[in-house]
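The values are calculated or read from the model by the stated rules, or taken from the named source; none is laboratory data. Bear in mind the structure is a predicted one, so any value in this text is a computation, not a measurement. Here the Cβ positions follow ideal geometry from the backbone for every residue, glycine too, while neighbour counts run over all protein chains shown.
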Amino acid sequence: MARRQYRDTAVVLRTYKLGEADRIVVLLTEEHGKVRAVAKGVRKTTSKFGARLEPMSHVRLLLAEGRDLDIISQADSVESRAPLVADLDHLTNGIAVLEAADQMTVEREPAPHLYRMVVGALRTVAERSGPLVVPAFYWKLLAAEGVRPELDACVRCGEPGPIVAFDMQHGGVLCRSCRSGAPLSAEALELMRMILGGRLNDALEVPASAVTHEVAAHATKALEHHIERRLRTVAMFERH
Ligand SMILES: [Zn+2]
């Protein structure tokens, strides 16, 4: 019986070995969400096909539906991943983008906005380094998932300031009387407002400091908090 074939564009999130010569490729596709597919024979050293299916590769694919896993029959490069693997800085940032995207997506659940965000983030990673490239992606990702943190005023009492803390449990920033979560400096708050308030490019120019480190720590914690809650929700649905 002929397998149904389909075309899609994707970013390779990760790969792992299958048998002697094959590789399983986890893809974030534009139209089909996260897809796990087999690339046959790619671990032979002569495979050009395999070289196009490394993590961070952006590819146009022809896939055939399989019983458990789809099969990649064709892969063409959309853009070069060379700038992403040029040095450790770019590579580390690129991998962080992939990991966050992987954890935010469910297999076969179309998420074209997420695909576009990942493609955009990898382009940013390729063009520039800097301490806020990845944290900014995390904040944007959370906002796209509907959990944009409240940064304008205290989430509990509405006081505009002074703001002294950030707590993702409450969904944003807090004043002195309502404080919970982690301390938040005025400088870090300003950077977070820049990232989420349409001044992303200015924020990405800021050199590394204790403040960018603080913003990065808040972003990582907020993302982890969201993923954990999401994973719990998924587990709950699977049990019933
Ligand atoms: Zn308050």
Return yes or no: is Glu99 of a type outside the set (Val, Ile, Thr), under 21 Å from Ala216 (Cα atoms), modelled with pLDDT of 90 or more and surrounded by fewer than 17 Cβ atoms within 10 Å (Cβ to Cβ)? yes
Count of residues meeting criterion [among the small types (Gly, Ala, Ser) and away from the ligand (no atom under 16 Å from the Cβ)] in the stretch 120-170: 9
Please state which of the following conditions Glu238 fails to meet, knowing it meets all the rest: (1) in a helix (DSSP H, G or I); (2) more than 16 Å from the ligand (Cβ to nearest atom); (3) modelled with pLDDT of 95 or more. (3)
Filtering the stretch 141-154 down to residues that are part of a loop (DSSP other than H, G, I, E, B) and crowded, with 22+ Cβ neighbours inside 10 Å yields Cys154
Looking at the stretch 174-227 only, could you name the residues that are more than 16 Å from the ligand (Cβ to nearest atom) and either of a type in the set (Phe, Trp, Tyr) or assigned to a loop (DSSP other than H, G, I, E, B) (or both)? Ser185, Gly197, Gly198, Arg199, Val206, Pro207, Ala208, Ser209
Might you check whether a residue that is modelled with pLDDT of 95 or more, in a loop (DSSP other than H, G, I, E, B) and of a type in the set (A, V, I, L, M, F, W, C) occurs anywhere in the stretch 160-172? no
Any residue in the stretch 166-185 that's in contact (Cβ under 8 Å) with a residue 24 or more places away in the chain and over 18 Å from Ala216 (Cβ atoms): show its pairings with residues that are more than 8 Å from the ligand (Cβ to nearest atom) and in a strand (DSSP E or B) at Cβ separation under 6 Å, as long as the two are six or more apart or on different chains. Gly171/Glu150
Is there any pair with a first residue in the stretch 99-127 that is without any contact (Cβ under 8 Å) to a residue 40 or more places away in the chain and a second that is surrounded by 18 or more Cβ atoms within 10 Å (Cβ to Cβ) and among the β-branched types (Val, Ile, Thr) whose Cβ atoms are under 6 Å apart and which are 6 or more apart or on different chains, and what are they? Ala121/Val97
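Return yes or no: is Tyr138 in contact with a Leu (Cβ under 6 Å, 6 or more places away or on another chain), under 18 Å from Ile195 (Cα atoms), in a helix (DSSP H, G or I) and of a type outside the set (A, V, I, L, M)?
Working: in contact with a Leu (Cβ under 6 Å, 6 or more places away or on another chain): yes; under 18 Å from Ile195 (Cα atoms): yes; in a helix (DSSP H, G or I): yes; of a type outside the set (A, V, I, L, M): yes.
Yes; evaluated as a whole, the condition is true for this residue.
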Matching entry among Arg60, Arg43 (being among the charged types (D, E, K, R), modelled with pLDDT of 95 or more and outside the structural domain of Glu228 (by TED's automatic domain parsing)): Arg60
Selected residue (criterion: surrounded by the most Cβ atoms within 10 Å (Cβ to Cβ)) from residues of the stretch 1-31 that are touching a residue at least 40 places away in the same chain (Cβ under 8 Å) and more than 22 Å from Tyr115 (Cα to Cα): Arg3
Please find, among Leu53, Leu84, Leu62, the residue that is hydrophobic (A, V, I, L, M, F, W, C), assigned to a loop (DSSP other than H, G, I, E, B) and over 18 Å from Leu114 (Cα atoms). Leu53
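What residue, among those in the stretch 32-83 that are acidic (Asp, Glu) and over 20 Å from the mean Cα position of the chain (by Cα), is surrounded by the fewest Cβ atoms within 10 Å (Cβ to Cβ)?
So in the stretch 32-83, the residues acidic (Asp, Glu) come out as 54, 65, 68, 70, 76, 79.
Okay, now just the ones that are also over 20 Å from the mean Cα position of the chain (by Cα), so 65, 68, 70, 76.
On the way: Glu65: 12, Asp68: 6, Asp70: 24, Asp76: 11.
Top of the filtered list is Asp68.
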